[in-house]
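The values are calculated or read from the model by the stated rules, or taken from the named source; none is laboratory data. All values derive from a computational prediction rather than experimental measurement. Reconstructed Cβ throughout: ideal geometry from the backbone, glycine too, with neighbour counts over all protein chains shown. These accessible areas exclude ligands, DNA and RNA; they are computed on the full protein's heavy atoms, side chains included. Shrake-Rupley method; radii C 1.70, N 1.55, O 1.52, S 1.80 Å.
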Amino acid sequence: MLDLKNVTKEFGENKAIDNISFKVKDGKIFGLIGRNGAGKSTTFRVILQIIEQTKGEVLYNNQKITQDTLNYFGYLPEEGSLIPSYTVLELCEYYGTLKLMETQEIREKLIYWLEKFNILEYLNKKVKDLSKGNRQKIQFIVSNLHEPDFLILDEPFSGLDPISVEELKKCILELKDQGKTIIFSSHRMDHVEELCDEIAILEKGKIIEKGSLKDIKKKYNNETLNQIFISVVGEKEKSLQS
């Protein structure tokens, strides 16, 4: 279980996240919801020790997260971390080696995922020559190649067409069925409803609501709840269904 306790991250006088606390239970999907700039990516970077929190504590299975612990994590960053000049195979061999995978294992897992997304023909294609949507698929494959126990996905559906979104949703649910724990960020309420067991809603670095969707829906009438989501993610995104 991942446990954030009163975590704050300050950049000068700005609090990117402000005294946030939540737990992500094993084998569950947790949604972190909010506009761009709400603190979602900063929260993920703190969890992964890319940046250090100013205050508070981050625990995984009741222990502080170490470099060894991070070998059990997979991460899909919002901004992407692919090397444009590499082929898909070269890229996955590079990142897989960093996770101490053997070359043959890397290739077998990569082919499995490429076939799953129906893009096996991109095996030897350079990353720079892929569409945004296909780069996002490769980013997902890279994050999951070493079969992590805990997967962090920052806006995983960004750049994907509707068919690819459905493919990725199916993959995420399959990983949950395998016992994986997943946390992802989104500003799309329809994605949240379909996938998440629990959520936390971030606004200007603060959590304004958290818990299971079922409990949150009991707490508010549908009109009030939709107004909360509209204020957080904007008018254009789909509201929760009654």
- Query: Most mobile of LEU98, LEU175, LEU114 per a Gaussian network model of the chain (Cα springs, under 10 Å)?
  - Reply: LEU98
- Message: Just want the answer: with Cβ charges of +1 for Lys and Arg and -1 for Asp and Glu, which residue in TYR60, LEU32, GLY159 is farthest toward the dipole's positive end in the chain?
- Response: LEU32
- Message: Could you give the length gained by full extension between ASP26 and ASP161, i.e. 0.36 nm per residue of separation minus their alpha carbon distance, to one decimal place?
- Response: 45.6 nm
- Of ASP177, ASP197, ordered by accessible area with the largest first and a 1.4 Å probe, the sequence is ASP177, ASP197
- Task: Heavy atoms only, probe 1.4 angstrom, no DNA, RNA or ligands counted: give me ASP190, ASP149, ASP215 ranked by accessible area, highest first.
- Result: ASP215, ASP149, ASP190
- Task: Taking all protein chains together and a probe of 1.4 Å, list MET1, MET189 from the most accessible to the least accessible.
- Result: MET1, MET189
- Item | Estimated FRET transfer efficiency when R0 is 25 angstrom, pair GLU105-GLU79 (beta carbons, to 0.05) | 0.35
- Note on the structure: With 0.36 nm assigned to each residue of separation and the Cα-Cα distance removed, GLU57 to ASN19 gains 12.7 nm
- Pull up the cross-link candidates among the lysines for LYS9, meaning alpha carbon to alpha carbon under 27 Å and not fewer than 8 places away within one chain. LYS23, LYS25, LYS28, LYS40, LYS55, LYS64, LYS204, LYS206, LYS210
- Item | Potential lengthening between TYR86 and LYS116 on full extension [0.36 nm per residue; Cα-Cα distance subtracted] | 8.7 nm
- Query: Given charges of +1 on the Cβ of Lys and Arg and -1 on the Cβ of Asp and Glu, with all other atoms neutral, how large is the dipole of the chain about its Cα centre, in debye to the nearest 20?
  - Reply: 480 debye
- Per residue of the chain, what 222 nm ellipticity follows from adding -39500 (n - 2.57) for every DSSP H run with n ≥ 4, rounded to the nearest 500? -11000 deg cm²/dmol
- Item | GLN49-GLU194 pseudo-label distance in nm [points 7 Å out on the Cα-to-Cβ vector] | 3.6 nm
- Message: Net charge around GLY179, counting only other residues with Cβ within less than 15 Å of its Cβ (Lys, Arg = +1; Asp, Glu = -1)?
- Response: -2
- Task: Report the label-to-label distance for SER131 and LYS169 in nanometres (one decimal), using points 7 Å from each Cα along the Cα→Cβ vector.
- Result: 1.9 nm
- Please get the size of the charge dipole for region 1-136, origin at its Cα centre, with Cβ charges of +1 on Lys and Arg and -1 on Asp and Glu, quoted in debye to the nearest 20. 420 debye
- Message: What does the net charge come to around ILE83 if you take all other residues with beta carbon closer than 14 Å to its beta carbon, with K and R at +1 and D and E at -1?
- Response: 0
- Eligible lysines near LYS128 by straight Cα distance, threshold 19 Å, same-chain separation 8 or greater: LYS137
- Report LYS55's accessible area, 1.4 Å probe, all protein chains in place, as a number in Å² to the nearest 10. 110 Å²
- Note on the structure: In debye to the nearest 20, the charge dipole size for region 41-105, taken about the Cα centre with +1 at each Lys and Arg Cβ and -1 at each Asp and Glu Cβ, equals 320 debye
